[in-house]
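Here the structure comes first, spelled out in structure tokens, and everything after it is commentary.
Each reported figure results from applying straightforward, stated rules to the coordinates on display, with no laboratory input. No experiment lies behind these values; they were computed from the predicted model shown. Glycine gets a Cβ as well: all are built from the backbone with ideal geometry, and neighbour counts include every protein chain shown.
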DNA sequence: TTGAAAGCGATACCAT
DNA sequence: ATGGTATCGCTTTCAA
């Protein structure tokens, strides 16, 4: 096809009113519960609606009421094949369910991470009478002042830390890093290295340092890697070949670590790949714990021990807060949990 | 937050008209090119638009014109965590770009696979003045008559075969199965087994049989598996333990095959997992080729040789056909290509 | 409890 | 080339 029939001239509210023998207003009252309607009248209206297969025109409703009963989910992405963000699918799923539960539809849109593009999307949303925007921020820098200027409520998802004036939420990355690193240490490995972004202010980096310090072991080595599978693979090759160089903030390095905290599942999958290629065994030669709890950690080989981000809870909270009458500009931090699998040296894993 | 300012009272077309010193109509003419406008006038209008930051109200436009300039992407999913369809992300990405290129927004929605739910979504789309629907069908049965009744153009994505009266497209699964199986045979393996759904009419199953027949080798064994990672894992365990039973249409079985054509990457990832658990080496003990060309095949270990579905091309074609003035009810078949990696026994792979 | 009617903001037809 | 204006379908006062 494209299939499609000349459309049997859709019934309007007026048709319903006539058939039920009432005024237009009463139809509205009945359907929206905006005013009391006699039981008998309501019954006739409902029958007419049924008979005509009447569905209120949402465009008219939006025009009149200024609300399209729709939320937008905006996914800025730095790489070209958008929706590349691994969290996208998981968030989309729950956000849609949560929005629908509250009578809203969800409108999903990708964009480049460029501030002017993000702003342009916000403007488009406003023009479409959209009621609020959920932004999957990740590491995208957001120009909150400009976005606020559009006049749409919005909230940032997947954000690491509080920023003045922006509503946001995210997993407690630091605590997760502590949990993962500590677990590795409890296995008895003498030290734990870190693979992740080269950013000394990053909470996972900080958590790793803290856990090492708390255990009284030297932290290291630090191996810089992009948050991608190729980035992880490159880092893995450097480690396997004992070329891991000391990155910023590293305390020592240059020899292959016995255990590794990798800052994301994507990166860890790349590291695993590199290790396979070089014959480095996990966990026998190097143990690994990673971060995110995404599905790619589950079926990796060996299964990745990983700190799970509570995406569902975060998504539901995001919708609730976005729709709340009394809006806050807080940053909500969610706890996660460590999922144990084989890669850290634990005996078995469920899948 | 939720952030949001009291909204600086949005400018309407009337404000623009007044500021530019023209009538409402001229603003429309200028912006939409619906009628000739003097260059000087147009300039004044544009300046006013700029100055006021005017954005046409899309709800009003939709009400008046009957079109929201929006396409819907509907993803029926059988499992509860919706958006579980592995193609979802890839399609969403390209569909959105293609729609945007043509001035349409894309509205993404998940639903259960239940026919009445799908129908309900179509009705909702119609009420929202949506212009057309892209349905990611997969193996979802669609009640095309009922959907046509809604009066919305629609097209089914990811469909295996032509069905009367429905516009659809999909990869040539049979040809892909032939290519994958044949490649395995060319490696010199004496026979090639099949892991996939237990459905003798399935094109990949048929293609597998055909390729074996063409090479003059017995086809088998056939191992039934759900199109999921756990399904693949279970099948993999049966194979590794030499418990692979003869499924319907199988020609022989009961001993571990030397090579395997697996009908999807998801399934293959599960098989790989099972083989790792049992110490079956790929490709030394069993070679594997799979189907889809998704990103999970790329970083699996070993990298999966897989038949890539041309998702991008299909998505672009879907949008084009959906928007075409002269709608067809054809089924468009796309060729794919075999991506060689290590799992089939090829020497190396790029990643 | 019900009805009449005034818009919401844009489009497009009909004049001029 | 430009200006009036009816209209899209619905919500919501205001009166009755």
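At a Förster radius of 25 Å, what calculated FRET efficiency corresponds to the Cβ-Cβ distance of residue A:123 and residue B:34, to the nearest 0.05? Spell out each step's value before the answer.
Numbers: r = 23 Å, r/R0 = 0.91.
Step by step, r from the Cβ atoms, then E = 0.65.
May I ask what percent, to the nearest 5, of DSSP beta bridges between residues of chain B are antiparallel? Present the calculation step by step, with values, prior to reporting the outcome.
Details: 3 of 37 bridges.
If I count the DSSP bridges inside chain B, around 10 percent turn out antiparallel.
Helix-derived [θ] at 222 nm for chain A: sum -39500 (n - 2.57) over DSSP H runs of at least 4, divide by residue count, nearest 500?
The helix contribution divided over chain A gives -12000 deg cm²/dmol.
Order A:337-345, A:202-210, B:235-243 from most to least packed using the mean count of other Cβ atoms within 10 Å.
A:202-210, A:337-345, B:235-243
Would you mind listing the distances between the residue A:145 label point and the same position in each other copy? Use 7 Å along Cα-to-C-beta, nm, one decimal, shortest first.
Nearest first, the other copies' label points are 6.3 nm away.
By per-residue mean of other Cβ atoms within 10 Å, what is the highest-first order of B:28-34, B:13-19?
Sorting B:28-34, B:13-19 by mean packing, highest first, produces B:13-19, B:28-34.
Taking each label point as 7 Å beyond Cα in the direction of the beta carbon, state the distances from residue B:41 to the same residue in the other copies, shortest first, in nm.
The projected label point of residue B:41 is separated from its counterparts by 4.8 nm.
Restricting things to alpha carbons, find the Rg to Rh ratio for segment A:121-160 using the Kirkwood radius for Rh.
Rg divided by Rh gives 0.96.
Evaluated at 20 °C with a viscosity of 1.002 mPa s, what Stokes-Einstein diffusion coefficient in µm²/s does the protein assembly as shown have when Rh comes from the Kirkwood expression over alpha-carbon pairs?
Using the Kirkwood radius from Cα pairs, D works out to 77 µm²/s.
Summarise the partner chain shielding of A:315-323 as one whole number: the mean count of Cβ atoms from other chains within 10 Å of each residue's Cβ.
1
Within 10 Å of each Cβ in A:107-117, how many Cβ atoms from other chains are there, averaged over the peptide? If you can, show how the numbers build up before the last one.
Working: counts 7, 10, 7, 7, 2, 0, 0, 0, 0, 0, 0.
Counting other chains' Cβ atoms within 10 Å and averaging over A:107-117 gives 3.
Taking only Cα atoms, what is the 0 to 90° angle, nearest 10, from helix A:229-240's long axis to the longest principal axis of chain A?
Result, in degrees: 10.
Across segment A:11-131, how large is the tail of the calculated P(r) beyond 26 Å, expressed as a percent of all Cα pairs? Spell out each step's value before the answer.
Numbers: 3017 of 7260 pairs.
Pairs farther apart than 26 Å: 42 percent.
What's the extension gain from residue B:51 to residue B:101 if we count 0.36 nm per residue and subtract their Cα-Cα distance?
Fully extending the segment from residue B:51 to residue B:101 adds 15.3 nm.
Could the peptides A:305-317, A:273-285, B:320-332, A:289-301 be put in order, highest first, of the mean number of other beta-carbon atoms found within 10 Å of their residues?
Those peptides, ordered most packed to least, come out A:289-301, A:305-317, A:273-285, B:320-332.
Once you order the gyration tensor axes a ≥ b ≥ c over the Cα atoms, which shape class does chain B get: rounded for a/c under 1.5, otherwise prolate or oblate by comparing a/b with b/c?
Verdict is prolate for chain B.
If you draw the axis that swings chain B onto chain A, which residue of B has its Cβ closest to it, and how far is that in whole Å?
B:108, 2
Can you tell me the orientation of helix B:311-323 relative to chain B, as the angle in degrees between its alpha-carbon axis and the longest Cα principal axis, to the nearest 10?
Long axis of B:311-323 versus the principal axis of chain B: about 40 degrees.
On C-alpha positions alone, give me the angle between the axis of helix A:265-278 and the longest principal axis of chain A, in degrees, nearest 10.
For helix A:265-278, the angle is close to 40 degrees.
In peptide A:59-67, how many Cβ atoms from other protein chains are near each Cβ within 10 Å, on average?
If you average over the peptide's residues, the count of other-chain Cβ atoms is 6.
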